[in-house]
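Beneath this line is the structure, given in structure tokens, with notes to follow.
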Amino acid sequence: MSNNQRSKQIEKTLRELTQNFGFSKERSLQAIEAIGDKSDVQMAYNWLLDHGEEDKGGAVDLIQCPHLDEEDSVLINQSQIVYGNPCIEGCKEGENWICLHCGETRCSRYVKKHSMEHYNKTKAQQEAGITVEMAAQGKRARGHFISLSLTDLSVWCYECQSYVFHNEIEPLERKMRQLKFNETDTISSVPAVGAPLKATLNEMHGSLGRPDWAPPLTTVVCNMDARPNYNTCKAHEYLDQPHVLKQKVKLLAELLRKSQNCVAYTGAGISTAAGIGDYATKTTESLATKGVKKVSGFQAQPTTTHRTLVALYETGILKHWVQCNHDGLPQKAGYPQHEINEIHGGWYDPSNPVVPMSGTLRGDLMQSLLEWEEKTDLCLALGTSLCGMNADRMASTPSKKAKTGEAIGTVIISIQCTQYDQKSCLRIFSKMDDVMNLLAEEMSLPVRPPQPYAPKNLGTAEIASHIFTALPYNKKGEHDPNGKLTLDLSMGAKVKVVRQPEWDLERCGNVGEVVGHEDGHISISFGRQRVRCLGMWWIDEAKIGKVPVLPVINV
């Protein structure tokens with residue numbers, strides 16, 4: 001094996017361990033060094049667990065850097081990208097980063113922190129040159145805040161304190177990749193709008209697709225990675241031709257009628273039509289966001305897709321929903337809280353905050369996911385980039401079991417390609433709501449019209465006072481058929497979070513105060529401007545004992 005091939009294996013395994021499983025880069029490199037086959041992610045993963053690491057399982061904090069949109073933010077050009085330079089300060093160790101503002105290479109925080117020192121020094125120099133008048137006009141010192149890793153080509157912003165992506169970075173990252181792996185520029189292979197997707201039959205249509213189906217057509221060209229630093233595809237967008245889409249929806253209906261344990265596994269792509277942004281959309285010309293007005297996540301309302309999935313549940317076809325989003329739109333559409341797993345956290349559940357890189361998935365939610373992973377015979381992977389998250393097992397396992405006849409498989413619906421397309425039983429390239437409108441018609445589903453969320457089990461007086469009585473729960477917030485708990489959620493009431501992750505307890509504490517009621521939901525302050533929302537559906541289902549544990553109880 002050549003050194004180039006070995007470096008590629010190490011880079012890929014390192015990315016899997018750090019970005020998808022949440023291990024530190026230092027420990028991941030130790031694991032890769034310890035194993036024989038550098039491409040064996042599972043062996044490296046097992047080594048880490050055997051040597052005291054926890055399964056973090058969560059999503060990396062990857063954001064679009066806002067500071068690169070500032071007028072005076074300037075990056076180097078591609079001709080200044082150089083691979084292989086040592087740390088300019090004379091360090092002999094590896095683990096180097098190149099500054100994308102000046103092109104100089106320095107070592108990382110795992111060596112002597114010269115890259116970080118460079119950022120601090122350049123920021124201090126800029127601050128010294130800012131006058132009072134300039135500061136009053138909004139001028140801010142940023143320093144040389146963007147660096148690119150020569151190890152795994154990830155990009156770090158010292159101002160954001162996060163791994164980042166941006167369309168200004170993408171050409172520089174691509175140039176570094178070419179230099180590191182002796183690759184040719186793939187920009188010339190970008191498809192033209194209207195061109196058919198060049199892929200295998202399975203990748204275009206799934207294993208159950210017909211060979212006479214026409215290929216999807218390119219509708220939007222965007223040569224950026226959909227999810228940088230993940231197992232991702234380019235952000236080009238495709239649509240099935242109308243006559244093929246109708247045939248695919250008919251097949252989808254057949255699979256749904258045949259299934260016994262159908263589970264929805266959804267990503268941010270099902271909420272873009274509601275005005276909530278996603279990670280994978282990389283162009284303002286995207287089909288997902290064209291004509292859609294962005295709104296606050298808490299103001300967003302369910303889409304046709306959310307309401308159609310509720311109809312599938314109410315007709316007994318959809319059995320469970322694993323939601324990678326945090327937005328509460330399934331519950332707003334009427335999907336029951338006790339049948340949804342917000343595996344990466346939820347905006348309307350104070351006991352299940354959005355999982356940061358340093359956090360871990362809640363144990364009970366992970367256990368539920370593993371149980372449904374085994375039971376699922378048909379997975380609907382909707383609007384997810386399937387880029388290698390731990391929870392992607394919900395899509396990958398049914399596709400594996402389908403090969404032996406133990407499951408129907410996995411249906412993938414999105415407008416971008418994913419790494420799992422080849423393994424799908426049915427692959428649909430379409431806007432999500434277009435598919436769901438056709439499916440509702442094909443299956444005569446009783447899809448509800450758009451309407452505000454309204455509790456079903458709570459009395460008018462309780463809703464007005466925000467004091468809820470005779471809940472079948474004990475003092476710990478656990479379900480008890482003989483319990484008669486009173487939960488006071490009126491203004492100023494003190495509450496304690498139940499079943500809170502330890503990392504969140506250390507960060508925020510567990511006692512809060514009710515500070516508001518908006519759209520029927522309860523706002524709870526935990527100090528330091530940390531306000532979380534409790535969805536009214538939790539109380540509505542608690543009234544009839546449907547949720548196993550309450551998110552909060554009174555202190």
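Listed residues VAL355, VAL310, VAL322; which is assigned to a strand (DSSP E or B) and either open to solvent by less than 20 Å² (accessible area, probe 1.4 Å) or under 22 Å from ASP519 (Cα atoms) (or both)?
Values: VAL355 fails: assigned to a strand (DSSP E or B); VAL310 fails: assigned to a strand (DSSP E or B).
Answer to the selection: VAL322.
Does any residue of the stretch 197-207 turn out to be modelled with pLDDT of 90 or more, assigned to a loop (DSSP other than H, G, I, E, B) and in contact with a Gly (Cβ under 9 Å, 6 or more places away or on another chain)? Scanning the stretch 197-207 turns up at least one residue that is modelled with pLDDT of 90 or more, assigned to a loop (DSSP other than H, G, I, E, B) and in contact with a Gly (Cβ under 9 Å, 6 or more places away or on another chain). Close contacts from the stretch 198-222, counting a first residue that is over 20 Å from PRO398 (Cβ atoms) and a second that is modelled with pLDDT under 90 and among the aliphatic types (A, V, I, L, M), with Cβ to Cβ under 7 Å and a gap of 6+ residues or different chains, come to THR218/ALA192; THR218/VAL193; THR219/VAL193; THR219/LEU287; VAL220/LEU287; VAL221/VAL190; VAL221/VAL193; CYS222/ALA235. Being open to solvent by less than 30 Å² (accessible area, probe 1.4 Å) and touching a Lys or Arg at 6+ places or on another chain (Cβ under 6 Å): is that true of HIS114 here? So HIS114 fails the test.
Per-residue answers, yes or no, for (1) open to solvent by 40 Å² or more (accessible area, probe 1.4 Å); (2) hydrophobic (A, V, I, L, M, F, W, C); (3) not in a helix (DSSP H, G or I):
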position: LYS248; (1), (2), (3): no, no, no
position: LEU256; (1), (2), (3): no, yes, no
position: GLY269; (1), (2), (3): no, no, no
position: LYS294; (1), (2), (3): yes, no, yes
position: PHE298; (1), (2), (3): yes, yes, yes
position: HIS306; (1), (2), (3): no, no, no
position: HIS338; (1), (2), (3): yes, no, no
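Remark: pairs (first residue in the stretch 416-428, more than 16 Å from LYS234 (Cα to Cα); second residue open to solvent by 20 Å² or more (accessible area, probe 1.4 Å) and of a type in the set (Lys, Arg); Cβ separation under 8 Å; 6+ apart in sequence or on different chains) = LYS423/LYS400. Any chance the stretch 81-95 includes a residue that's touching an Asp or Glu at 6+ places or on another chain (Cβ under 7 Å), at pLDDT below 90 and part of a loop (DSSP other than H, G, I, E, B)? No: the stretch 81-95 contains no residue that is touching an Asp or Glu at 6+ places or on another chain (Cβ under 7 Å), at pLDDT below 90 and part of a loop (DSSP other than H, G, I, E, B). Residues in the stretch 234-264 that are within 30 Å of PHE298 (Cβ to Cβ) and touching an Asp or Glu at 6+ places or on another chain (Cβ under 8 Å): ALA235, CYS262. Going by the structure shown, is ASN341 in contact with a strand residue (DSSP E or B) (Cβ under 6 Å, 6 or more places away or on another chain), polar (S, T, N, Q) and without any contact (Cβ under 8 Å) to a residue 60 or more places away in the chain? Yes, satisfied.
Scanning the stretch 325-336 for residues that are open to solvent by 10 Å² or more (accessible area, probe 1.4 Å) and touching a strand residue (DSSP E or B) at 6+ places or on another chain (Cβ under 7 Å) gives a single hit, ASN325.
Could you list, in sequence order, all residues of the stretch 3-21 that are at pLDDT below 75 and farther than 16 Å from GLU95 by Cα? Those that are at pLDDT below 75 and farther than 16 Å from GLU95 by Cα: GLU16, LEU17, GLN19, ASN20, PHE21. Do you know which of the residues in the stretch 383-413 that are in contact with a Lys or Arg (Cβ under 9 Å, 6 or more places away or on another chain), of a type in the set (Gly, Ala, Ser) and not in a loop (DSSP other than H, G, I, E, B) is surrounded by the most Cβ atoms within 10 Å (Cβ to Cβ)? Going through the qualifying residues, I end up with ALA395. A count restricted to the stretch 87-101 and to residues that are open to solvent by 40 Å² or more (accessible area, probe 1.4 Å) and in contact (Cβ under 8 Å) with a residue 12 or more places away in the chain stands at 4.
Of the numbered criteria (1) over 22 Å from ASN352 (Cβ atoms); (2) open to solvent by less than 60 Å² (accessible area, probe 1.4 Å), the one GLY520 fails is (1). When the stretch 526-539 is filtered for residues that are closer than 18 Å to GLY346 by Cβ and open to solvent by 10 Å² or more (accessible area, probe 1.4 Å), the ones remaining, listed by number, are PHE526, ARG530, VAL531, ARG532, CYS533, TRP538. ILE63 satisfies every condition listed in (1) in a loop (DSSP other than H, G, I, E, B); (2) within 30 Å of CYS324 (Cα to Cα) except (1).
Among the residues of the stretch 125-171, those identified as small (Gly, Ala, Ser) and either over 14 Å from SER73 (Cα atoms) or open to solvent by 40 Å² or more (accessible area, probe 1.4 Å) (or both) are ALA128, GLY129, ALA135, ALA136, GLY138, SER149, SER154, SER162. Screening ASP278 against (1) of a type in the set (Asp, Glu); (2) farther than 26 Å from HIS205 by Cα; (3) within 19 Å of the chain's Cα centre (by Cα) leaves a single unmet condition, (2). Filtered by the rule that a residue be part of a strand (DSSP E or B) and touching a residue at least 24 places away in the same chain (Cβ under 8 Å), the stretch 519-555 gives HIS521, ILE522, ILE524, ARG532, CYS533, LEU534, VAL549, VAL552, ILE553, ASN554. With respect to the conditions (1) surrounded by fewer than 15 Cβ atoms within 10 Å (Cβ to Cβ); (2) in contact with a strand residue (DSSP E or B) (Cβ under 6 Å, 6 or more places away or on another chain), CYS425 falls short on a single one, namely (1).
The values are calculated or read from the model by the stated rules, or taken from the named source; none is laboratory data. Because the structure is a prediction, the values reported are computed rather than measured. Note that we place each Cβ from the backbone using ideal geometry, even for glycine, and neighbour counts take in every protein chain shown. These area figures cover heavy atoms from the full protein model, side chains too; ligands, DNA and RNA do not enter into them. Shrake-Rupley method; radii C 1.70, N 1.55, O 1.52, S 1.80 Å.
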